[in-house]
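Nothing in this text is a laboratory measurement; each read-out follows from the coordinates by a stated rule. Quantities reported herein were computed from a predicted structural model and do not represent experimental measurements. In this analysis, Cβ positions are derived from the backbone assuming ideal geometry, glycine residues included, and neighbour counts consider all displayed protein chains.
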Amino acid sequence: MKFVIAVDCEGPAGVVGAPGGSLNDAPAQYEFARRQATAEASATARGLFAAGATQVIVWDNHSRGVNLVYEDLDERCDIFHGVHAKRLAMLDASFAGLLFIGYHARDNTVAAPLAHTFSSATYQWIKLNGREVGELAIDAAVAGALGVPALFVASDDKCVAEAREFFPGITTVTTKIGYSWNAALSKHPRRVLAEIEAAAQQAARNRTQVKPFTLPGPLEVEIRHKRIDTADQACLPVQGWTRVDAYTVKRTIQKLTDFF
């Protein structure tokens with residue numbers, strides 16, 4: 001029984017970034033975030049192994065993909081990290097589930113700490129067939145196309161609400177309550193680890209009750225940029241996008257993996 005834990009760094013307990021900026025603009029916060037994300041991933045792995053997992057792959061996917069403190073990660077885990085591989089390249093239909101640690105709400109979400117969709121500087125929102133999606137839905141749909149369900153999310157309350165919207169029956173742990181882009185009421189970072197371990201174990205045991213999330217093609221992708229110049233660049237002939245308005249571009253893809 002194999003699982004992938006997808007790990008970002010904005011959603012762990014105690015993480016709110018730099019005032020007016022992102023996580024990467026706050027060196028002390030980033031250092032804490034990478035350690036707390038590691039601890040939360042390890043707690044998740046412990047729960048999965050307790051439920052009978054035979055392999056757990058931890059996917060380090062924040063920014064350039066080299067963030068976690070690997071020597072502190074549960075040593076039974078394997079690690080997928082770095083950049084320029086296809087999204088969820090390590091995943092195939094033999095896996096029992098995908099679990100999310102440290103993810104965040106999609107951009108355009110009120111009172112969601114560090115909310116964004118792939119780039120907080122570039123995109124206001126991304127829609128697939130008219131529905132706003134974030135990184136949670138996109139990654140879950142990549143897994144779902146292989147028949148692998150999204151089983152678990154640990155993050156702030158806005159991200160947890162988003163997960164429940166898209167994935168009925170998913171198991172969740174709320175690490176903090178969001179008040180703004182840079183403010184949250186967080187659980188103590190050590191206390192939340194026990195909750196995550198217990199919930200991940202339960203999620204693994206309930207895996208057959210959760211259906212894979214899919215976004216079958218063709219898909220109309222619509223992206224609202226935050227700057228006109230990045231919309232300009234997207235509409236260069238080689239990119240294949242067409243203009244909706246000054247900030248918004250669209251194109252049609254046949255399958256979700258074409259998005260990347």
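Points to keep in mind about this one:
- Under Karplus coefficients 6.51, -1.76 and 1.60, residue-wise ³J(HN,Hα) of segment 156-173 in Hz, glycine/proline x: 5, 5, 6, 5, 4, 4, 5, 4, 5, 5, 8, 10, x, x, 5, 8, 9, 10
- Note: relative contact order over the chain, using C-alpha pairs below 8 Å and six or more positions apart, is 22 percent.
- Net charge in the neighbourhood of residue 59 (other residues with Cβ under 11 Å of its Cβ; Lys, Arg +1, Asp, Glu -1) is -3.
- Computing Cα extents along the principal axes in Å for the structure here picks out one of (i) 47, 39, 38; (ii) 59, 43, 38; (iii) 51, 41, 30, namely (iii).
- Pairwise FRET efficiency - residue 188 versus residue 220, Cβ, R0 = 41 Å, nearest 0.05: 0.40
- Under 18 Å from the Cα of residue 86 - lysines, other chains or at least 8 residues apart: 255
- Solution diffusion estimate, µm²/s, Stokes-Einstein, segment 216-260, Kirkwood Rh from C-alpha pairs, 4 °C, viscosity 1.567 mPa s: 121
- Put a dot 7 Å past the Cα of residue 70, heading toward its Cβ, do the same for residue 129, and the two dots end up 3.9 nm apart.
- Per-residue [θ]222 nm for the chain (sum of -39500 (n - 2.57) over DSSP H runs n ≥ 4, rounded to 500): -8000 deg cm²/dmol
- Spin-label pair residue 110-residue 84: with each label point 7 Å from Cα along the Cα-Cβ axis, the two points sit 4.4 nm from one another.
- The residue among 154, 93, 22 whose Cα reaches farthest toward the positive pole of the charge dipole of the chain, with charges on the beta-carbon of Lys, Arg, Asp and Glu, is 93.
- If you plug the beta carbon distance of residue 202 and residue 252 into 1/(1 + (r/R0)^6) with R0 = 45 Å, you get a FRET efficiency near 0.70.
- Straightening the chain between residue 180 and residue 227 buys 14.7 nm, computed as 0.36 nm per residue apart minus the Cα-Cα spacing.
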